[in-house]
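First up is the structure itself, then whatever we jot down about it.
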Amino acid sequence: MTEPNLTSILDAFSSPILIAKPVFDGSKLIDFEVLLVNDAYRRTVNTISTPMRRLSEFKDEINHDVPWFDIAEKTINGIEVEPYTYYSEISHCWFRMQMRSTSDKLVVVNIQNITEEKNHAQKLKKTAYHDMLTGLPNRLHFSEDFQPFIMKASFNCTKLGVLLLDLDNMKVINDSRGHAEGDEVLKKAAETLRQLEKGNIVNYRFGGDEFLIVIQNQSSLDSITNITDTIYESFLMQNISVSGGIAIYPDDSKDEDELVRFADIAMHQAKKDGKNQFEFFKTEMQRHFIQKLNIQNHMTQAVLQSNFTQVYQPQFDVRSGKLRGFEALIRWHDDELGEIPPSVFIPMAEECGLIIPIGIWVLNTAFKTLKKWQNDYKFTGIISVNLSPIQLKQPSIIYEIENLLTKYDLNPDAIEIEITEGIMIDNMDDAIAKMRELKKMGFKISLDDFGTGYSSLSYLQLLPLDTLKIDKSFINDLTSKDGI
């Protein structure tokens, strides 16, 4: 059997391979002489047609940024060097080069074409850093971009605006018209922002129905205001209702996380103030936010420990003067915060979802009290219990009320369910259907605070009401001369 030919063996490899030996001037290493290259190497680096050239003669033809000599020297001295990645202007491909040394100090250079790997990595990066629905950079992209933005603003002594936008009523759109329609609104919003994008304006899809806009290189607060006004007007022209909060570097903070948080606080303030508007962050907003968060934390503990009380306000029939019944009213006293009025903690509970367990506690306590009064005092009146609009939206609310009736063995005609006009805001058909179901079960239905905001005599005929409670402000001047 003939001895294997090294050249033919190397030519069988699909990846480029080069073998070189060190060249010394005395004891000093001065270069490397190429002894052999395979066919794959000749095809990839077509400037090398023959071996027996020195590394210094052609290395720059491959890529002058690669420290060929340094890597080769370390390799023959037993120092392991990590693979080196470079781009070839000749072949327009990406390569990963790795050197190994043989026992007789030859250098073996292996080069792999990793262009497909690089392209795949770029696609993955684009997927990871961009929102698939709108094509805008996403929150992860923003996290990498923002620190350089801050450094640039600091170096140039310019202002930077962070505008956090939230599309109004997206839940209503998704629920009533479908998520496909909601996606179209999101894409329309993204396109609106894209039309405004310039070198100093960068847009991001921040998640859900939120977008974040970074406004750079501004000399004054007025210039940022002008840009945010333009953004707001662009959404108005597209009939998209949007609420926004704006925080300014360095006026409000120099910290990335704080700027985003302050913009978020201002955005929620805009929502609270009626939506479809932009608000700049103010220091008192943070104070109110922290105070609100503190109350919510204490409220969570109060829910877990049932640290509420219920008082009962008597109701009299003005014609007969007889006691009609009592209205159950929740009260909350916190050892640290003191007395928290319902006008403060009920809206907070509705906002953060705690109204669901609180509402069940109110119903349970009222039903339990009614049963005790009936047993102990032969009470024959009614108890009126408030039901939050959010409670009535829950699919299980009828089932839960029915269970309480069974638990305390009560007749529903001794209980009046009291709702507010807010119940009509989101889904009137569902609200009316549930009220009719409660009415059919035997409960009395009362509408509270009629005349405070959503009053319409036309919808009263749709509601299965027993009692209409007219708000005091609605009748204050009824008997005065000016009120006639």
Of the accessible area of the chain, computed with a 1.4 Å probe and all protein chains kept, carbon and sulfur make up a percent value of 52 percent
A correct Stokes-Einstein calculation for the range 108-240, using the alpha-carbon Kirkwood radius, 20 °C and 1.002 mPa s, returns a whole-number D in µm² s⁻¹ of 128 µm²/s
Non-local residues with an amide H under 5 Å from the amide H of Arg54, with H modelled 1.01 Å from N and Pro and chain starts lacking one, are Val34
Residue-normalised 222 nm signal for the chain, counting each DSSP H run of n ≥ 4 as -39,500 (n - 2.57), nearest 500 deg cm²/dmol, is -14000 deg cm²/dmol
Percent antiparallel among DSSP beta bridges confined to the chain, rounded to 5, stands at 75 percent
Quarter of the surface of the C-alpha convex hull for the chain, i.e. direction-averaged projected area in nm², equals 41.9 nm²
Checking the range 180-272 for trypsin sites (Lys or Arg not before Pro) in a loop per DSSP with at most 13 other beta-carbon atoms within 10 Å yields Lys254
Regression test value, accessible area per residue of the chain, probe 1.4 Å, units Å², expected 56 Å²
The ³J(HN,Hα) series, computed from each phi in the range 161-173 with the Karplus coefficients 6.51, -1.76 and 1.60 at θ = phi - 60°, rounded to the nearest Hz and given as x for glycine or proline, is x, 10, 10, 9, 10, 10, 5, 6, 6, 5, 5, 5, 5
Rg (one decimal) and Dmax (whole number) from the Cα set of the range 257-414, in Å, equal 19.6, 64
Ignoring ligands and nucleic acids, Glu82 exposes an accessible area, probe 1.4 Å, in Å² to the nearest 10, of 140 Å²
Taking Cα pairs closer than 8 Å and at least 6 residues apart, the relative contact order of the chain in percent is 7 percent
Taking 288-298, 206-216 and ranking on average Cβ neighbours within 10 Å, highest first, one gets 206-216, 288-298
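The values are calculated or read from the model by the stated rules, or taken from the named source; none is laboratory data. All of these numbers come straight from a predicted model, not from anything done at the bench. Neighbour counts run over all protein chains shown; Cβ positions are idealised from the backbone, glycine included. Areas reflect the complete protein model, heavy atoms only, side chains present, ligands, DNA and RNA absent. Shrake-Rupley method; radii C 1.70, N 1.55, O 1.52, S 1.80 Å.
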